[in-house]
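*Asks:* Below is one structure. I have some questions about it.
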Amino acid sequence: MEELLKWKKIGVMGGTFNPIHTGHLLLAQWAMEEAGLNGILFMPTGNSYMKDKGEMLPGSERLAMTRLAVADRDCFVCSDLEVRRGGNTYTYETLDALRNMYPQACLYFILGADCLFSIENWYCPEKIFRNCVLLAASRDGMPMDKLEAKRQELEERYDARILLMAFPNLEISSTDIRHRCGEGRSIRYLVPDPVREYIFQNHYYENP
């Protein structure tokens, strides 16, 4: 991923991507345009301590789907950093590693604005704030005055840098996609075609 050494503003988009879907890709594109990023680094989680592992595919398979999803965009890159790491996945460790790998760049960690109300409960939140700008996407219906108050609170408490970004409320979720697969229903247009074909070829998510 030598191209990232030339990027000055790198968006980091983590997630289980179980599976990755068009909502993730739209959010990445939106973030690039809103913050003027050079590109987005997609980071499938290895072992997330905050997720139920019952329906989760192995990291290698979620990584493969993510690579298929971003293969046609030079400004979208997939990383295996968290999948390769043993043990639980912690955001602060990932950001520490990325800061060392790409010292020339400012990192923008993309997340849902609702996470601003829980991020202090993540492991080592002060290290997260120190190593990146948070780019928080607000969906329709979330009061902006409440978000703005939380943003100011976190900036004052942690010397954090937080940008709020409005984003359309898309009713697409990995959970719904897995359920549709289990019911034998179509997931066309919900995921990129290469991902859809990969899921069906491997019979993933077929058991409800």
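The values are calculated or read from the model by the stated rules, or taken from the named source; none is laboratory data. Quick caveat, the model's predicted, so the values are computed rather than measured. All Cβ positions, glycine included, derive from the backbone under ideal geometry; neighbour counts span all protein chains shown. Heavy atoms of the whole protein, side chains included, go into the accessibility calculation; ligands, DNA and RNA do not. Shrake-Rupley method; radii C 1.70, N 1.55, O 1.52, S 1.80 Å.
*Asks:* Within segment 145-165, is there a residue that is touching a residue at least 60 places away in the same chain (Cβ under 8 Å), open to solvent by 70 Å² or more (accessible area, probe 1.4 Å), in a strand (DSSP E or B) and closer than 30 Å to Arg62 by Cα?
*Replies:* Within segment 145-165, one or more residues are touching a residue at least 60 places away in the same chain (Cβ under 8 Å), open to solvent by 70 Å² or more (accessible area, probe 1.4 Å), in a strand (DSSP E or B) and closer than 30 Å to Arg62 by Cα.
*Asks:* Consider Arg178 against the criteria (1) in contact with a Pro (Cβ under 9 Å, 6 or more places away or on another chain); (2) at pLDDT below 95; (3) charged (D, E, K, R): it satisfies all of them except one. Which criterion is unmet?
*Replies:* Exception for Arg178: condition (2).
*Asks:* With the requirement that a residue be among the aromatic types (Phe, Trp, Tyr) and loosely packed, with under 15 Cβ neighbours inside 10 Å, what does segment 119-144 give you?
*Replies:* Tyr123
*Asks:* Scanning for something among the small types (Gly, Ala, Ser) and within 19 Å of Thr175 (Cβ to Cβ), does segment 80-103 turn up at least one residue?
*Replies:* no
To keep it simple, each residue is scored yes or no on (1) touching a residue at least 24 places away in the same chain (Cβ under 8 Å); (2) in contact with an Asp or Glu (Cβ under 9 Å, 6 or more places away or on another chain); (3) farther than 18 Å from Pro58 by Cα; (4) among the small types (Gly, Ala, Ser).
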| site | (1), (2), (3), (4) |
| --- | --- |
| Ile172 | yes, no, yes, no |
| Arg178 | yes, yes, no, no |
| Arg188 | no, no, yes, no |
| Pro192 | yes, yes, yes, no |
| Gln201 | no, no, no, no |
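*Asks:* Here's a check for you: in segment 166-208, which residue that is closer than 18 Å to Ile110 by Cα and hydroxyl-bearing (Ser, Thr, Tyr) is most open to solvent (accessible area, probe 1.4 Å)?
*Replies:* The selected residue is Ser173.
Yes/no per residue for (1) farther than 26 Å from Glu33 by Cα; (2) out of contact with any His (no Cβ under 9 Å at 6 or more places or on another chain); (3) among the polar types (S, T, N, Q):
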residue	(1), (2), (3)
Gln152	no, yes, yes
Arg157	yes, yes, no
Ile162	no, yes, no
Asn169	no, yes, yes
Glu183	yes, yes, no
Ile187	yes, no, no
Pro192	no, no, no
